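Trainee: Okay, here's the structure, questions in a sec.
The values are calculated or read from the model by the stated rules, or taken from the named source; none is laboratory data. Remember, predicted model here, so these are calculated numbers, not experimental data. Glycine gets a Cβ as well: all are built from the backbone with ideal geometry, and neighbour counts include every protein chain shown. For accessibility, only protein heavy atoms count, side chains too; no ligands or nucleic acids. Shrake-Rupley method; radii C 1.70, N 1.55, O 1.52, S 1.80 Å.
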Amino acid sequence: AARYRRGAPGQPRAIGYLYLLPALAVYGVFLLFPFGQTVWLSLLHWDGLTVATWAGFDNYRDLLTDPGLRAPFVHAAVLLLFYAALPVAIGLLLASALSRFRVRGMTFFRTVLFLPQVLAMVVVGVAWRSILAPDGLLNDTLRLVGLDALTRSWLGDYTWALPAVGAVGTWVETGLCLVLFLAGAQRIPRELYEAARLDGAGAVREFFAVTLPGLRAEIAVALTLTIVAGLRNFDLIYITTSGGPGNATSVPAYEVYRRAFETNEVGAAAAMGVGLTVLIFALTVAVSRLVEGRNR
């Protein structure tokens, strides 16, 4: 007791954990416990109604060998290009241009681009399903300018359905990336830009020498948020294509729902859910470690 009294306020360290205990309890009850149940279900063959039988790692083996179970992860990897890579690249280019040149109405511009983040994804899905319909706004515009050959059923075409859904994801996530990068660009010292210009740096060299290193932390945040959004994508797929045509736009989150509630393959659905969770965790940790390592 005497040793604890001589310590700094808040000692011993166990007192700090007492403050965290309520949050940890909620986290454990509503996240860790359900995840543990999911792991247990993934080790069973169960249709949700009858008695379950032991499966061991069969569901995980099928996850690696069954093309029908691997395909959603391949589609998710393609969507990451639209949900993460393109929004980050576009956001960086726009932020670099807007920080280099004065643009009137900046607040209005940022608000309009950030608006998709405020809208519910169900609303976004319904709106874009109408736009991409065979008689929707996009095809009507193409016919109006004489590009009838380019019209198609965007969400019903095996080749174009996945890129069409991905383009919607790009539209949604670009505003978030831009706002993050503009906020980060404001804390980059202007002296660095002036020094780069005195050294004769052009716009491209200035971007790679000053803007990009200065936005490293914001890029990590943007990549983490967009990667998670792309991998857990369910509502947009459910509203626009329902995984179709065929399984051309099926993604892991939608496949978990379909197998659990439509085909009664609860064990396989649980294994896919666990695999998706591990993949999201691994990618977010990789992004964080990459940025932290470079900062050191």
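Trainee: At 7 Å along Cα-to-Cβ for each site, give me the label-to-label distance between Ala14 and Phe35 in nm.
Mentor: 2.7 nm
Trainee: Could you please put His45, His75 in sequence from largest to smallest accessible area, using a 1.4 Å probe?
Mentor: His45, His75
Trainee: Now for a separate question. Under the rule a/c < 1.5 gives rounded, and otherwise a/b versus b/c splits prolate from oblate, where does the stretch 19-151 land using the Cα gyration tensor?
Mentor: oblate
Trainee: Counting Lys and Arg as +1 and Asp and Glu as -1, what is the net charge of the other residues whose Cβ lies under 14 Å from the Cβ of Pro116?
Mentor: Taking every other residue near Pro116 into account, the sum is -1.
Trainee: At a 1.4 Å probe radius, which order do Val78, Val26 fall into by accessible area, largest first?
Mentor: The most accessible residue leads, giving Val26, Val78.
Trainee: Between Val26 and Leu198, with labels modelled 7 Å along Cα→Cβ, what's the label distance in nm to one decimal, could you check?
Mentor: For the pair Val26/Leu198, the computed spacing is 5.2 nm.
Trainee: Ordering Asp66, Asp199 from largest to smallest accessible area (1.4 angstrom probe), what's the sequence?
Mentor: Listed by decreasing accessible area, they come as Asp199, Asp66.
Trainee: Between Gly146, Gly16, Gly243, where does the largest GNM mean-square fluctuation fall for the chain, given springs only between Cα atoms within less than 10 Å?
Mentor: The residue that fluctuates most here is Gly16.
Trainee: At 1.4 Å probe radius, can you tell me the per residue accessible area of the stretch 222-289 in Å²?
Mentor: 39 Å²
Trainee: Carbon and sulfur together cover what percent of the accessible area of the chain at a 1.4 Å probe radius?
Mentor: After summing per-atom areas, the C and S share lands at 67 percent.
Trainee: Further question: Could you compute how much accessible surface Asp47 exposes when probed at 1.4 Å, giving the result in Å² to the nearest 10?
Mentor: Roughly 50 Å² of Asp47 is accessible to a 1.4 Å probe.
Trainee: Apply the a/c threshold of 1.5 to the C-alpha gyration tensor of the chain and tell me whether it is rounded, prolate or oblate.
Mentor: Oblate, because a/c is 1.5 or more while a/b does not exceed b/c.
Trainee: Here is a further query. Please say if the stretch 169-296 is rounded, prolate or oblate, where rounded means a/c under 1.5 for a ≥ b ≥ c the square roots of the C-alpha gyration tensor eigenvalues, and otherwise the choice is prolate for a/b larger than b/c and oblate otherwise?
Mentor: Prolate, because a/c is 1.5 or more and a/b exceeds b/c.
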